[in-house]
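Structure record follows, encoded as structure tokens.
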Amino acid sequence: QVRLVESGGGLVQAGGSLRLSCAASGISFRFTAMGWYRQAPGKQREWVAVVTIGGSTNYADSVKGRFTISRDNAKSTVYLQMNSLKPEDTGVYYCNRGGTPFDYWGQGTQVTVSS
């Protein structure tokens, strides 16, 4: 079955950086577009970034130029490098299939950006 384990979150000051990781299992990772999503307190989960099976990337306007998504097919892992963090980036970050997420969601990793 699908299993997604996110890690790398934490507390950081505005302007700082974090690198999130997500280890996937139970899927054909190299043939699956992967994305990052986030949910801020009191808000709905939103899409953040996607990397296709060919390595192309796309980003939400709110993170474009600051975040970088990448993947390592050998490790079945997707990453999110987050730079120039802002307080509005605070939330729980999840990885999942890009485009149409699986019904299953991992536990996520908390990112808190202080001003």
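A few comments on the model shown:
- Enumerated strands (runs of 3 or more DSSP E) restricted to the chain, each holding at least 2 residues that are in contact (Cβ under 8 Å) with a residue 60 or more places away in the chain and open to solvent by 40 Å² or more (accessible area, probe 1.4 Å): 3-7, 10-13, 109-114
- Annotation note: of Ser62, Ser76, Ser84, the sole residue that is farther than 19 Å from Ala23 by Cα and in contact with a helix residue (DSSP H, G or I) (Cβ under 9 Å, 6 or more places away or on another chain) is Ser62.
- Here is the figure for region 78-99: residues that are basic (Lys, Arg) and over 13 Å from the mean Cα position of the chain (by Cα) total 1.
- Residue match in region 24-41 (condition: at pLDDT below 95 and of a type outside the set (S, T, N, Q)): yes
The values are calculated or read from the model by the stated rules, or taken from the named source; none is laboratory data. Predicted model only: the values in this text are computed from it and were never measured. Glycine also receives a Cβ, built like all others from the backbone with ideal geometry; neighbour counts cover every protein chain displayed. Ligands, DNA and RNA are excluded from the accessible area calculation, which covers all protein heavy atoms including side chains. Shrake-Rupley method; radii C 1.70, N 1.55, O 1.52, S 1.80 Å.
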